[in-house]
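Note sheet for the following structure.
Since every read-out is calculated from the coordinates, none of them should be taken as a lab result. As the structure is a prediction and not an experimental result, all values here were calculated from the model. Every residue, glycine among them, receives a Cβ derived from its backbone with ideal geometry; neighbour counts consider all protein chains shown.
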Amino acid sequence: MRILVVTINVAAWGGSEELWKSLAMKGLAKGNEVMVSVFAHHNLNPNLAELVEQGAILHQRPLPSYYNEQPFAYRALSELKSRLGMDKTSMDWRAVKDWKPEVVIISSGETFDHYLHHQSYLITYCKDNGIPYFLISQRNWEWDLSVDQGFRESRKRLAEDCQGFFFVSYQNYKMACCQLAMDLPRARVIQNPLKVSLESDLPYPKSGIPKMAYVARLETSIKGQDLFLQALSSQRFSRLDFELTFYGTGPDEQHLRELVKYYGLEGKVFLGGHVADVSEIWRTNQLLVLCSLAEGTPLSLIEAMACGRTGLVTEVGDSAIWLSKSGFVVSGHQVVKIQKALQEALDNFSNWEKLGQQCKGRVIEKRNSEEIDGLLECVVGKRDLYQTGLDPQEFLLKMNREE
């Protein structure tokens, strides 16, 4: 079967890409033809190069105008094309049209964005040619979706016409229902693949001082690193001994370096860059910190838990659902609430190892290790949608059930 996998995430790569990449790799391994459609960044990401090496066909599209990390001329051209309605034509999709996909999977970094709507060429092409399309949502906004009614009506039709709407977060699904004022048909909750093994035991790092890791793209408007630094800067925390390392890359790296200096946290807060082997992070760190303003189910949290580490997270997406009583949850985005949860965490420093063991047990109990196989069988027509992943309410019951 010819499978078209489309990502509409404007970032060159992120945790949200791991699911569709695994699906594409599995599809190739099973003898399917796979085309991967991505935005055309200046440098080819190594993950895309790996897919091409395995036999995937690469299709690249111009970046949208709202992606500001591109030359002004390209942004202006993209804006002009959008205003002229050229996103409803085959201009950027000719290679896809010639390839003639038989099924389409569209992965979005956000549940609803401004790039994809019911009149987008890809959607009308699918509907006109009887090609089933599936949607994957990796994150949703819980506090802001500044759109008009036309946007909502368009996304209602987009959701109604898809063959399956896969969410990696129950809370993201509930917010989507609220945003569109409807029960989403054919919605299922699935899980992202992990880059760590649940079978290995990673020794807990002993230390006389707390060692914390903030594992996320360096993008403060979503991941909230600046809020946590502000929380740390208060006198009651700044005088304590601790280590915090930001792992990841992103557009706000320089800003975070300046904030560390501004708050006088040099020697305690470090930037560790991108680390390919996640387990290396947890050989030396004891607590994940993730004060995000929006999430799905963050891979960095589940991977930390799988490595036997507890976390301090904001109550967005399914972070609190997964962590449950085995960690520390911030009840909002305000700095004072972060400080309250951080104080609770530090007061329980001696208990972090035990909480980490509970976290690993929770991941082992609640995860489905064969999710990608089932998802592939579903999109190629070998498995019923309702035998793939879980109904959202069933998922919530499973997460809340004591094993």
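If both residues of a DSSP beta bridge must be in the stretch 246-390, then about 0% of such bridges are antiparallel.
Around the amide H of residue 112, modelled in the peptide plane, lies no amide H under 5 Å away from a residue 5 or more places distant or on another chain. A simple rule links phi to the HN-Hα coupling: the Karplus curve 6.51 cos²θ - 1.76 cosθ + 1.60 with θ = phi - 60°, which for the stretch 32-42 gives 7, 8, 10, 10, 10, 10, 9, 6, 8, 7, 4 Hz, with x for Gly and Pro. Taking Rg/Rh (Cα atoms, Kirkwood Rh) straight from the coordinates, which label in (i) 0.94; (ii) 1.00; (iii) 0.97 is the correct one? Looking at Rg/Rh (Cα atoms, Kirkwood Rh) for this model, the match is (iii). Helical content of the chain, expressed as a calculated mean residue ellipticity at 222 nm, amounts to -11000 deg cm²/dmol (DSSP H runs of 4 or more residues, -39,500 (n - 2.57) each, divided by residue number, nearest 500).
Provide the FRET efficiency to the nearest 0.05 for the residue 369-residue 147 pair, computing r from the beta carbons and using R0 = 60 Å. If you can, show how the numbers build up before the last one.
Numbers: r = 37 Å, r/R0 = 0.62.
So the FRET efficiency works out to roughly 0.95.
The label-point distance for residue 261 and residue 400, in a model that sets each label 7 Å from Cα toward Cβ, rounds to 5.0 nm.
The Cα center of the stretch 125-195 and the Cα center of the stretch 272-344 differ in position by 25 Å.
Loop-only GluC sites (Glu not before Pro) in the stretch 25-70, please: DSSP not H, G, I, E or B, and at most 16 other Cβ atoms within 10 Å. Taking the stretch 25-70 and a limit of 16 other Cβ atoms within 10 Å, the loop GluC sites (Glu not before Pro) found are 69.
Were the residues from residue 50 through residue 280 laid out at 0.36 nm apart, the gain over their Cα-Cα distance would be 80.6 nm. Estimate the FRET efficiency between residue 28 and residue 235 by the formula 1/(1 + (r/R0)^6), using the beta-carbon distance for r and 51 Å for R0, to the nearest 0.05. The pair residue 28/residue 235 has a calculated efficiency of 0.35.
Percent antiparallel among DSSP beta bridges with both residues in the chain, to the nearest 5? That works out to approximately 5 percent antiparallel.
Using 18 Å as the Cα-Cα cut-off, could you pick out the over-long pairs in 325/366; 21/81; 211/337; 26/382; 174/223? Could the numbers behind the result be given before it?
On the way: 325/366 15 Å; 21/81 29 Å; 211/337 21 Å; 26/382 14 Å; 174/223 21 Å.
In this structure, 21/81; 211/337; 174/223 lie more than 18 Å apart at Cα.
For the chain, with only Lys/Arg (+1) and Asp/Glu (-1) charged at the beta-carbon, what is the dipole magnitude about the Cα centre, in debye rounded to 20? Don't skip to the answer; put the middle values down first.
Numbers: 45 positive and 50 negative charges, 39 e Å.
That gives the chain a dipole magnitude of about 180 debye.
Which residues does a label at residue 386 reach in the stretch 153-196, if reach means a backbone N under 12 Å from a point 7 Å past the Cα toward the Cβ? Within reach of a label on residue 386: 186-187. Shown here for the stretch 150-216: trypsin sites (Lys or Arg not before Pro) in loop regions (DSSP other than H, G, I, E, B) with at most 12 other Cβ atoms within 10 Å, namely 206. I need the GluC sites (Glu not before Pro) found in the stretch 250-321, filtered to DSSP loop residues with at most 12 other beta carbons within 10 Å of theirs. In loop regions of the stretch 250-321 (DSSP not H, G, I, E or B), the sparsely surrounded GluC sites (Glu not before Pro) are 266.
Measuring from centroid to centroid over Cα atoms, what is the spacing of the stretch 366-394 and the stretch 31-81 in Å? The distance from the Cα centre of the stretch 366-394 to that of the stretch 31-81 comes to 28 Å. Using the Karplus relation 6.51 cos²θ - 1.76 cosθ + 1.60 with θ = phi - 60°, the per-residue 3J(HN,Hα) values for the stretch 88-93 come to 9, 10, 7, 3, 8, 10 Hz, with x marking Gly and Pro.
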